[in-house]
Amino acid sequence: MMKRESLLQLFVEARRFIVVGVAAVAIQYGVYLLLLQWLQPVVANTLGYIVSFLFNYIASTKYTFRVKSSARHGVGFAFSHLVNYILQSLLLVFFLWTGLQKGWAMLPVFAICVPTNFVLVRYFLKH
């Protein structure tokens, strides 16, 4: 069972994660929608993901989890985002295959991947 302080800490981190996550998703989705005019969806998502990743690392270490940036944290964060990126790419292809329009296909991807990413990032930045 979690201690009360640990549960409160988790709640505060989850709330800050939502703030940073909304901004990161908005950045990624905005770049994705912009680039869809010229690029295939997976390529547009990849470029949006890279831009969002840079913002997300700085915001996650300084604001969400308030940990000092280090090589170890950077590697863990990058690994968790590599897993997240692969999951996003596979889900994007799947949702496009089901017939969702390119502009809408990322929305269910975010609904699945954002909570998964919280667990992964929290683990790698806190351990």
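The values are calculated or read from the model by the stated rules, or taken from the named source; none is laboratory data. Quantities reported herein were computed from a predicted structural model and do not represent experimental measurements. No Cβ is skipped: glycine too gets one built from the backbone with ideal geometry, and neighbour counts run over all protein chains shown.
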Those helices (runs of 4 or more DSSP H) lying entirely in the range 26-127 with at least 3 residues over 16 Å from the mean Cα position of the chain (by Cα): 71-97
Number of the exception - Phe65 against (1) touching a helix residue (DSSP H, G or I) at 6+ places or on another chain (Cβ under 7 Å); (2) surrounded by fewer than 19 Cβ atoms within 10 Å (Cβ to Cβ); (3) under 19 Å from Leu120 (Cβ atoms); (4) not polar (S, T, N, Q): (2)
Show the residue pairs meeting these rules: Cβ distance below 8 Å; 6+ apart or different chains; first residue within the range 69-82 and at pLDDT 80 or above; second residue surrounded by fewer than 18 Cβ atoms within 10 Å (Cβ to Cβ) and in a helix (DSSP H, G or I). Gly76/Tyr123; Ser80/Tyr123
Residue by residue through the range 104-127, note down the ones that are surrounded by fewer than 17 Cβ atoms within 10 Å (Cβ to Cβ) and polar (S, T, N, Q). Thr116
Qualifying residue in the range 13-24 (condition: assigned to a loop (DSSP other than H, G, I, E, B) and surrounded by 12 or more Cβ atoms within 10 Å (Cβ to Cβ)): no
From Tyr32, Tyr57, Tyr49, residue being at pLDDT below 90 and either under 25 Å from Ser89 (Cα atoms) or out of contact with any strand residue (DSSP E or B) (no Cβ under 9 Å at 6 or more places or on another chain) (or both): Tyr57
Checking Leu36, Leu47 in turn, the sole residue that is in contact (Cβ under 8 Å) with a residue 60 or more places away in the chain and over 18 Å from Leu120 (Cβ atoms) turns out to be Leu36
